[in-house]
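The values are calculated or read from the model by the stated rules, or taken from the named source; none is laboratory data. Only a predicted model underlies this, so the values are computations on that prediction, with no experimental measurement involved. In this analysis, Cβ positions are derived from the backbone assuming ideal geometry, glycine residues included, and neighbour counts consider all displayed protein chains. Please note that ligands, DNA and RNA were not included when accessible areas were found on the heavy atoms of the full protein model with its side chains. Shrake-Rupley method; radii C 1.70, N 1.55, O 1.52, S 1.80 Å.
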Amino acid sequence: MNSKVFPFNEMRSDAGARPPYDYYDAWFSAQDNQRLAQKAAEAEAFFRRTGITFNVYGQADAEERLIPFDLIPRILSSREWTKLSRGIEQRVAALNAFLHDIYNRQEILRAGIIPTELIARNDAFLPQMMDFTPPGGVYTHIVGTDMVRTGEDDFFVLEDNARTPSGVSYMLENRETMLQMFPELFSTIRVQPVSDYPKNLRRALEASAPASCTGRPCVAVLTPGIFNSAYYEHSFLADQMGVELVEGHDLRVVDGHITMRTTQGYKVIDVIYRRVDDEFLDPLTFNPASMLGVPGIMDVYRAGNITIANAPGTGVADDKAIYSYMPDIVEFYTGERAILKNVETHRCSEPDSLKYVLDNLADLVVKEVHGSGGYGMLVGPAASKAEIAAFADKLRARPDNYIAQPTLALSTVPIFTESGLAPRHVDLRPFALVSPKGINITPGGLTRVALQAGSLVVNSSQGGGTKDTWVLDD
Amino acid sequence: MFRYLERAENIARLIEAGFRIALTRSNHAEAEWKSVIVTSASQDTYEAHHEGYDSSQVINFLLREAHNPSSVLSIIKAARDNARLTRTALTTEVWYAVNDTWMMFSELLKNPVPETEVPGVLAVIRQQAALVRGALHGTMLRNDIYDFCSLGIAIERMDSTARIIDVKYYSLLPSPSFVGSRLDNVQWETVLRSVSAHRSFRWAVEDDFTAPAIANFLILDSRMPRSLNFCATQIAANLGLLADEYKARKPSNDLAEQLLARLKGRDIGSIFEEGLHEFVETVIDDTARLAQQIEQDYRFTG
């Protein structure tokens, strides 16, 4: 793909503002730049005050940072959203069916749709989960589906986050900030609300309680602690749901149940929303050096006395090699064609693909199959000759560790700068909640934006920012 | 004076709840603004001067119109006048806080507040109210003056919560169609936001958003600082302290205890049986009568 093609601008086309932005565009044109600059400063103060900060790993003076917030909203029409949300619902249902199958009968492997070694050699696959069905049959209670757009009707899934998607607190706080700063917009433009998310999350978690739970389920959020980069989000979600925020050392197994330390002794927990990685969850089962988990939680889990959300071992589905099979996975389990498109993906484990990738490195994006957060990847068009050559060596050494995708002309939405609007590339992470009672998708999601002109990397750890995402109610 | 300050804050809170509903659930806006006006007990005044319930019209009426004796600006002026009259009864810190508040609001509310500035103005009102209250608790002698201040706050709060329930009581009634079902989101959201209990409800109540649970929380929960039960307890206690200090029991002591007895140890089921609407109306009347009795007992009316 030619990277010099002009990317799709979601706000303005040559003919003027695109329909979802009609009113906003007119409003914006009537604004005074100085006032908006003032508002941008207010927004930053608002975030500081709320404490929405994060820590960057690998920085010695671990100072708290803000994810930059841009005050131009990203706007989707309700028609655009309806199609996306139907696609997400289908995909999320398929993901859960896939995970159940992989950890039980493995029919998709027997049918030869996915090569067995892709599962067997997958680090995120947990043999401890075999022949076990989590309470209510749900594996991924919370899913974040990363989407990109390249044209009017062209949305693609970039990756599935079935393990522990983060960022939902930004979705909620971005909206609160916009409501505070620009109430006049919301009284004219009808935007679908997102504020029910914490309530829906609690309901989804409660509905997934194990059969051993009688009465109202006790829910808790398990955090690795205050030094984790997403600690703010953990505390925010616990607070908004009205449930306790706990660390591993607050928990212990008593009479076959997970219990938490309270001022009145130990209290049974039925559902644990954990933001601790699989590896650290149970030192008796996984990493013995872990101080973050709960010794024995896997035994309690397998005995059916606690729900862990998301289930251990769901990371299998986040694997980028598995991703390349998603259209087949969706079709296999739902019997329907996938509504959402995948980005064309070359599996470097296949010799023909590897050759193609090596020949075209300068035009491709190459990713590690288990990587996340924008680390360890090569963006061909932005890389120097030396970087490309070094990466080619890594590829030849371990081809099965990589997949490659064309460099997409990601759509842009303008950001606000002192000199006016400037287009920047964006992606979108909608959040889906899954429980035995059904799937609930919050309208919109988190829009991440690359703040550097031309940059395609939107990750907050790499200098990306966020925007409020509006789905119009019409 | 503290009744006034408490009322200013309650009005700001009502506006905030109404404003949010208007922005996030726009098809309910008109009806919501009307119920805000009814709750603030200023329907007649409002309708004498305005037609329709347009959001910025309602907001400005409640915030700053001089012909509305319950507008925030009118109230703050009255509170500040009161503070000047009784300047010697207040610590310097309390007086500064009240006077600053008045100066700030006079400036802030001099001109109609455009929609864009509403969140900022409401934030200032909330912050100033907290400042005055902090000065009161932190610096005043715990004597009769302090008791009268607390009494004013508690009575105003009681009245305000009762009015909110009164206006929304129909949405809290467990009618056959939604026994056991969840309340309409918008309704409970406004009710809880109007008393700043949107978050604490989730923490305090081990139940979902059902009508009896919310009614119970607002009427009977002794942990909720704006529930009728909490306020009545506070009023009876303050009057008790005054009786001790003055070594004289007054008729208002009895009235307060009667009011409290209607709330203590009740369960919400029996209140629904009695009729939520009738129950709350009686509470509003009794609170007004009690306030009058206190004025009489302690010769505020001269």
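At a glance:
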item	result
Residue in the stretch A:194-210 that is assigned to a helix (DSSP H, G or I), among the charged types (D, E, K, R), open to solvent by 10 Å² or more (accessible area, probe 1.4 Å) and over 30 Å from A:LEU76 (Cα atoms) present	yes
Filter pass, B:ALA66 being farther than 24 Å from A:PHE182 by Cα, under 20 Å from the mean Cα position of the chain (by Cα), of a type in the set (Gly, Ala, Ser) and open to solvent by 30 Å² or more (accessible area, probe 1.4 Å)	no
Selection from the stretch B:195-246 of residues that are in contact with a Pro (Cβ under 9 Å, 6 or more places away or on another chain), touching a residue at least 40 places away in the same chain (Cβ under 8 Å) and of a type in the set (D, E, K, R)	none
Any pair with Cβ under 8 angstrom, 6 or more apart, that starts in the stretch B:62-85 at a residue that is closer than 15 Å to B:MET104 by Cα and ends at one that is assigned to a loop (DSSP other than H, G, I, E, B) and of a type in the set (Gly, Ala, Ser)	B:LEU63/B:SER71; B:ARG64/B:SER71; B:LEU73/B:ALA66; B:SER74/B:ALA66
Residues located in the stretch A:440-463, provided they are under 21 Å from A:ARG65 (Cα atoms), open to solvent by less than 40 Å² (accessible area, probe 1.4 Å) and modelled with pLDDT of 90 or more	A:LEU446, A:THR447, A:ARG448, A:VAL449, A:ALA450
Failed item in (1) away from chain A (no Cβ under 14 Å); (2) open to solvent by less than 30 Å² (accessible area, probe 1.4 Å); (3) under 25 Å from B:ALA41 (Cα atoms), with B:LEU90 passing the rest	(3)
Answer residue from the stretch A:85-100, given it is among the hydrophobic types (A, V, I, L, M, F, W, C) and open to solvent by less than 40 Å² (accessible area, probe 1.4 Å) and is farthest from A:GLU336 (Cα to Cα) among those	A:LEU99
Number of the condition not met by A:ASP154 [criteria: (1) open to solvent by 20 Å² or more (accessible area, probe 1.4 Å); (2) touching a helix residue (DSSP H, G or I) at 6+ places or on another chain (Cβ under 9 Å)]	(2)
Residue match in the stretch A:13-34 (condition: open to solvent by less than 40 Å² (accessible area, probe 1.4 Å), under 22 Å from A:GLY454 (Cα atoms) and either part of a loop (DSSP other than H, G, I, E, B) or touching a Gly at 6+ places or on another chain (Cβ under 8 Å) (or both))	yes
Unique match (being open to solvent by less than 50 Å² (accessible area, probe 1.4 Å), assigned to a loop (DSSP other than H, G, I, E, B) and not polar (S, T, N, Q)) among B:VAL118, B:VAL113, B:VAL58	B:VAL113
Residue tally, condition under 24 Å from B:THR39 (Cβ atoms) and more than 13 Å from chain A (Cβ to nearest Cβ), over the stretch B:127-157	13
Unmet requirement for A:THR140, which otherwise passes all of (1) open to solvent by 10 Å² or more (accessible area, probe 1.4 Å); (2) under 20 Å from A:ASN305 (Cα atoms); (3) within 22 Å of the chain's Cα centre (by Cα)	(1)
Condition met for A:THR82 (open to solvent by 20 Å² or more (accessible area, probe 1.4 Å), outside the structural domain of A:SER235 (by TED's automatic domain parsing), under 22 Å from A:GLY465 (Cβ atoms) and β-branched (Val, Ile, Thr))	no
Residue match in the stretch A:101-118 (condition: over 24 Å from the mean Cα position of the chain (by Cα), of a type in the set (Lys, Arg) and either modelled with pLDDT under 95 or open to solvent by 40 Å² or more (accessible area, probe 1.4 Å) (or both))	yes
Contacts under 6 angstrom Cβ, first residue in the stretch A:94-105 being of a type in the set (Ser, Thr, Tyr), partner crowded, with 23+ Cβ neighbours inside 10 Å, 6 or more apart	A:TYR103/A:MET129
Some residue of the stretch B:152-173 being modelled with pLDDT of 85 or more, of a type in the set (S, T, N, Q), buried (at least 19 other Cβ atoms within 10 Å of the Cβ) and not assigned by TED's automatic domain parsing to the domain that holds B:SER70	yes
Residue that is farthest from B:ALA291 (Cα to Cα), among those in the stretch B:174-203 that are small (Gly, Ala, Ser) and at pLDDT 85 or above	B:SER200
Residues of the stretch A:217-256 classified as open to solvent by 10 Å² or more (accessible area, probe 1.4 Å), within 14 Å of chain B (Cβ to nearest Cβ) and assigned to a helix (DSSP H, G or I), total	4
Residue that is least open to solvent (accessible area, probe 1.4 Å) [pool: residues in the stretch A:394-428 that are without any contact (Cβ under 8 Å) to a residue 12 or more places away in the chain and farther than 26 Å from A:LEU451 by Cα]	A:ALA397
Any hit, the stretch A:151-162, residues being within 13 Å of chain B (Cβ to nearest Cβ) and either closer than 19 Å to A:ALA311 by Cα or assigned to a helix (DSSP H, G or I) (or both)	no
Breaking point among (1) in contact (Cβ under 8 Å) with a residue 12 or more places away in the chain; (2) under 20 Å from A:PHE132 (Cα atoms); (3) away from chain B (no Cβ under 14 Å), for A:LYS320	(2)
Residues of the stretch B:1-45 classified as within 14 Å of another protein chain (Cβ to nearest Cβ) and assigned to a helix (DSSP H, G or I), total	17
Test set (1) at the interface with chain B (Cβ under 10 Å from one of its Cβ atoms); (2) on the phi > 0 side of the Ramachandran plot - A:THR188 fails condition number	(2)
